[in-house]
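**Student:** Let me begin by handing over the structure; questions about it come next.
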Amino acid sequence: MPRLALRVTAAVLGTLALVAGCSGGDGGGSDKGRRPAGAHVTIRVPSDAPTISAAVALARPGDLVLVAAGVYHESVRIRTPRVTLRGVSRDEVVIDGRLQQPNGVVVAAPGVAVENLTVRNNTQNGVLVTGSPAAVAGLPGHSGGYDTGDEPVTFLKSFLVSYVTATRNGLYGIYVFSAQNGVVEHSYASGGADSGIYVGQCKPCRVVVRDNVAELNAVGYEGTNAGGDMYVVGNRLAGNRVGLTTDSDHQEKLLPQRGAVVAGNLVADNQQARTPQQADGGWGIGIGVDGGSDDVFVRNRVTGNADAGLVVTATADIPADGNRITDNTFAANGVDVGWTFPTATRGHGNCLHGNVLHSTVPARLAVTASCPPAAGTSLSPSGTWSRPSPPGGIPFTDVAPPGPQPQFPDAATAGATAVPAVPVLPDVADVPLPAASLLAGNALVQVS
């Protein structure tokens, strides 16, 4: 059945406002008899609603909130399913927290798309996508994460973040937590004091992070306790302190991290000084695995990272087992691949095959730890190397602003975006080794 798109007139807006007032703006009200049955409307900001939050409160499932150019000083919470929030211009529609609010946009309902806008200057997150009531309420648990004790994990089902610029945010640029079945694509993240893009606490995730640029963050991409159809594909993770991490952390549920695929990414020159300094002090690392298991790293280009191209390690109580490093190209790193484990959690079955590399610690890993692992999955070897001292960081508010970014096609005329219940997952066999110029036109930090 074709979608009927209507522009909201002043009269219709007044009617919707009355409905929203009765329903609390949470999507639970009914406009039966007030708009044509099955119709989806376009609510324009500021002509139909004075603020983005007011427009979102009026929206019903299937509606489009279309935002005109301007700087909006508000925090937007989307609690109605299947709403599309889109700016007419990615660079000129700006949600600015002025360092006075924790989040720019909070997605707390399934099937929501956030597209073609900039979110900046929030004390915590640019865009937060979550099914966790504690996260929506901004209530971290006793250990620092959104730990809700013995309560079961609540997932948000299905989301899309596309053509979003998230810059100068105090924790994460784009933060996906306790959410499944979604995509983060064609976005740009910088100035994240923790990481530019983060996916945490999902199993199975069925999440795809693709074709994004993350630069000038403490960490470009971080996946914590995130696995099971978890794909990080075709991204430019260059010019951060650390390019990418997959890790297990007791601050979140669903331990351990297991079963992510990292394919076709450019992970380069991750030793930028004018970046925020993360609490653990990592610097000069392309890819880090900390207590993650059964992860696949295939056809990534990992170059120019001063400490190491790829590090596999373990937490004090969680080993790193069964990670496969295949067909990657390493060059000009301090050490191309380094494995260094605590004595009690060395891990088993980690292996390498078909990589272009020049140095490993321990030496000859490509021979002694080749894929498939030897029968019996013997302990992974461990070593140490001389590691550079990281320079001090800068406040996230001082990170260089991004340049112009690609626009969502036909932003002002396209209808609302239908977010699938489950995204199409990539076929890794079709993911190529990227060129050093991957997404270079969208980035400030250029790779040598």
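The values are calculated or read from the model by the stated rules, or taken from the named source; none is laboratory data. Computed from a predicted structure; not experimentally measured. As a convention, Cβ positions derive from the backbone with ideal geometry for all residues, glycine included, and neighbour counts pool all protein chains shown.
**Student:** Out of Gly304, Gly259, Gly282, Gly228, which single residue is modelled with pLDDT under 95 and surrounded by fewer than 24 Cβ atoms within 10 Å (Cβ to Cβ)?
**Tutor:** Selected residue: Gly282, the only one of Gly304, Gly259, Gly282, Gly228 that is modelled with pLDDT under 95 and surrounded by fewer than 24 Cβ atoms within 10 Å (Cβ to Cβ).
**Student:** Tell me the residue from Gly173, Gly192 that is of a type outside the set (A, V, I, L, M, F, W, C), on the phi < 0 side of the Ramachandran plot and in a strand (DSSP E or B), please.
**Tutor:** Gly173
**Student:** Separate question: On the given criteria, is Ala108 of a type outside the set (Lys, Arg), modelled with pLDDT of 95 or more, touching a Lys or Arg at 6+ places or on another chain (Cβ under 9 Å) and surrounded by fewer than 24 Cβ atoms within 10 Å (Cβ to Cβ)?
**Tutor:** Working: of a type outside the set (Lys, Arg): yes; modelled with pLDDT of 95 or more: yes; touching a Lys or Arg at 6+ places or on another chain (Cβ under 9 Å): yes; surrounded by fewer than 24 Cβ atoms within 10 Å (Cβ to Cβ): yes.
For Ala108, the condition - of a type outside the set (Lys, Arg), modelled with pLDDT of 95 or more, touching a Lys or Arg at 6+ places or on another chain (Cβ under 9 Å) and surrounded by fewer than 24 Cβ atoms within 10 Å (Cβ to Cβ) - is met.
**Student:** Look at the range 266-279 and say how many of its residues are buried (at least 21 other Cβ atoms within 10 Å of the Cβ), assigned to a loop (DSSP other than H, G, I, E, B) and not polar (S, T, N, Q).
**Tutor:** Of the residues in that region, 2 qualify.
**Student:** The conditions are (1) closer than 24 Å to Val105 by Cβ; (2) at pLDDT below 50; (3) more than 30 Å from the chain's Cα centre (by Cα); (4) among the charged types (D, E, K, R), and Asp26 fails exactly one of them. Which is it?
**Tutor:** Only one criterion is unmet by Asp26, namely (3).
**Student:** Is there a residue being out of contact with any Lys or Arg (no Cβ under 7 Å at 6 or more places or on another chain) and part of a loop (DSSP other than H, G, I, E, B) anywhere in the range 126-133?
**Tutor:** For the range 126-133, residues out of contact with any Lys or Arg (no Cβ under 7 Å at 6 or more places or on another chain) and part of a loop (DSSP other than H, G, I, E, B): present.
**Student:** Could you count how many residues in the range 350-364 are crowded, with 17+ Cβ neighbours inside 10 Å and out of contact with any Gly (no Cβ under 9 Å at 6 or more places or on another chain)?
**Tutor:** 2
**Student:** If the requirement is being out of contact with any His (no Cβ under 9 Å at 6 or more places or on another chain), closer than 26 Å to Phe396 by Cβ and basic (Lys, Arg), which of these qualifies: Arg299, Arg241?
**Tutor:** Unique residue meeting the criteria: Arg241.
**Student:** Would you mention how many residues in the range 434-443 are buried (at least 16 other Cβ atoms within 10 Å of the Cβ) and assigned to a loop (DSSP other than H, G, I, E, B)? Write out each step before concluding.
**Tutor:** Of the range 434-443, the ones buried (at least 16 other Cβ atoms within 10 Å of the Cβ) are 434, 436, 438-439, 442-443.
The next check asks that each one be assigned to a loop (DSSP other than H, G, I, E, B); those that pass are 434, 436, 438-439, 443.
Of the residues in the range 434-443, 5 are buried (at least 16 other Cβ atoms within 10 Å of the Cβ) and assigned to a loop (DSSP other than H, G, I, E, B).
**Student:** Going by what's in this entry, would Val65 be described as touching a helix residue (DSSP H, G or I) at 6+ places or on another chain (Cβ under 6 Å) and without any contact (Cβ under 8 Å) to a residue 60 or more places away in the chain?
**Tutor:** So Val65 passes the test.
**Student:** Might you check whether a residue that is farther than 19 Å from Val261 by Cα, in contact with a strand residue (DSSP E or B) (Cβ under 7 Å, 6 or more places away or on another chain), charged (D, E, K, R) and surrounded by fewer than 21 Cβ atoms within 10 Å (Cβ to Cβ) occurs anywhere in the range 157-179?
**Tutor:** yes
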